[in-house]
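We did not get these values from a lab; they are worked out from the coordinates using the rules stated. Quantities reported herein were computed from a predicted structural model and do not represent experimental measurements. Note that each Cβ is placed from the backbone with ideal geometry, even for glycine, and that neighbours are counted across all protein chains shown.
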Amino acid sequence: MATETLDAKGLTCPLPVLRAKKAIKGLNPGDELEIFATDPGSVKDMAAFAKATGNELLETGEDDGVFRYVIKKGG
């Protein structure tokens, strides 16, 4: 279960990633951030964000135009 949830629905690139970056900064290593976004560009952006920051993208999914991501903070 995610430690924190971020609602980035309705935001366009690059805001979902910027909000995720800010949210994950406040978490402890091993904590998980669940993100909901509606921007189709967030699919590539979240994967690139996780890889570039040393965090792990645990889950991705899409349901009725809402994308869901779970990122585990690295340590």
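For residue 5, enumerate residues with amide H under 5 Å from its amide H, sequence gap 5+ or separate chain, H modeled in the peptide plane.
Amide H to amide H, under 5 Å and 5 or more residues apart or across chains, residue 5 pairs with 34.
For the chain, take the longest principal axis of its alpha carbons; what is the angle in degrees between that and the long axis of helix 15-25, to the nearest 10 within 0 to 90?
Roughly 20 degrees between the two axes.
Assuming 0.36 nm per residue, please report the length gained on full extension of the stretch residue 28 to residue 13 beyond their Cα-Cα distance.
So the chain would gain 2.8 nm between residue 28 and residue 13.
With each label point set 7 Å from Cα along the Cα-Cβ vector, what nm distance links residue 47 and residue 64?
2.6
Restricting to the chain, what percent of DSSP beta bridges are antiparallel, rounded to 5?
70
What order do you get for 17-26, 32-41 when each peptide is scored by the mean count of other beta carbon atoms within 10 Å, highest first?
Ranking the peptides 17-26, 32-41 by packing returns 32-41, 17-26.
Could you please tell me the mean projected area of the C-alpha convex hull for the chain, averaged over all directions and given in square nanometres to one decimal?
With the hull built on Cα positions only, its mean projection is 4.2 nm².
Could you go through segment 26-38 in sequence order and give the Karplus-derived ³J(HN,Hα) for each residue, using 6.51 cos²θ - 1.76 cosθ + 1.60 with θ = phi - 60°, rounded to whole Hz, and x for Gly and Pro?
These are the phi-based 3J(HN,Hα) values: x, 8, 8, x, x, 5, 10, 10, 9, 10, 10, 9, 10 Hz.
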